[in-house]
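Only one structure is covered here, and it is reproduced in the block below.
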Amino acid sequence: MRLQAELAGFLEGLMPQMEEIDRWRGVTRYRQEPYATPAQLVQSTEFANAVKDALNHYWGGPRLTDSRLLSLRVVQAEQAQSAVNAAQALRTVLLQAVESLRPEGERSMTAAEWTLYNILEMRYIQGRKVRDVARRLAMSESDFYRKQRVAINEAARALAEMEYNAQ
C-alpha cells in the first residue's frame with residue numbers, strides 16, 4: 001500500500017508536466033502558422049498535407065476556399081490570367097499538377113507507370129470512392145492508401161516545381 005501511495009504521489013507530480021505536453025501537442029497539431037512567403041509554405045513539412053486537403057475538397061469545401069495554397073504565385077497568376085475566383089484558380093493549378101504526372105502513351109489501368117496518375121485522377125478529379133478506384137486498379141484498399149500517399153507527395157512535388165518556375 002505504501003508503494004502504491006508513493007507511485008500515486010509521483011504520478012500526481014507528473015500531471016502538470018503531462019498537461020503541458022498535451023497543451024503543446026494540441027497547439028502544434030491544429031495551429032496553422034502563417035507563412036511570410038509562398039516559398040516558405042512550399043518548403044514546409046505541411047505542404048503535402050495542404051495539397052491533400054485541397055485535393056480532398058477539390059469540388060468545393062472549406063479546405064479549398066481557405067487553403068494556404070491560395071497564396072502561391074502560380075495560383076495567383078492563374079487567377080489573374082483567367083479572371084476566375086481563387087478556388088477555381090487553385091482547382092486549375094491542382095489539375096495541372098496532376099496532369100504533369102500523366103505518362104506518355106495510351107492510358108492503362110494496370111501498368112505501374114500509370115498508377116500514381118490514375119489514383120489522383122480517379123479519386124480526386126473524378127471524385128470516385130476509394131473502394132471503386134482500388135477495384136478498378138486491381139489493388140487492395142490498404143495498397144491503395146499506401147500508393148495514394150506517394151501520389152499526393154508527387155503531386156505536391158509537381159506543384160512546388162510549378163511554384164518555383166513561376167518566380
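Which residue out of GLU121, GLU113, GLU163, GLU78 is free of Cβ contacts under 8 Å to residues at least 24 places away in the same chain, in contact with a Lys or Arg (Cβ under 9 Å, 6 or more places away or on another chain) and assigned to a helix (DSSP H, G or I)?
GLU121
One residue is enough: does segment 78-101 have a residue meeting the conditions acidic (Asp, Glu), out of contact with any Phe, Trp or Tyr (no Cβ under 7 Å at 6 or more places or on another chain) and exposed (fewer than 15 other Cβ atoms within 10 Å of the Cβ)?
yes
Report yes if ARG157 is farther than 21 Å from LEU70 by Cβ, among the basic types (Lys, Arg) and under 13 Å from the mean Cα position of the chain (by Cα), otherwise no.
No, not satisfied.
With respect to LEU90, determine if the residue is in contact (Cβ under 8 Å) with a residue 12 or more places away in the chain, in a loop (DSSP other than H, G, I, E, B) and under 27 Å from VAL42 (Cβ atoms).
So LEU90 fails the test.
Check whether at least one residue in segment 108-117 is of a type in the set (D, E, K, R) and buried (at least 20 other Cβ atoms within 10 Å of the Cβ), and report yes or no.
no
Take the residues in segment 61-72 that are surrounded by fewer than 17 Cβ atoms within 10 Å (Cβ to Cβ) and part of a helix (DSSP H, G or I); name whichever of them is modelled with the highest pLDDT.
Going through the qualifying residues, I end up with SER71.
The values are calculated or read from the model by the stated rules, or taken from the named source; none is laboratory data. All values derive from a computational prediction rather than experimental measurement. Every residue, glycine among them, receives a Cβ derived from its backbone with ideal geometry; neighbour counts consider all protein chains shown.
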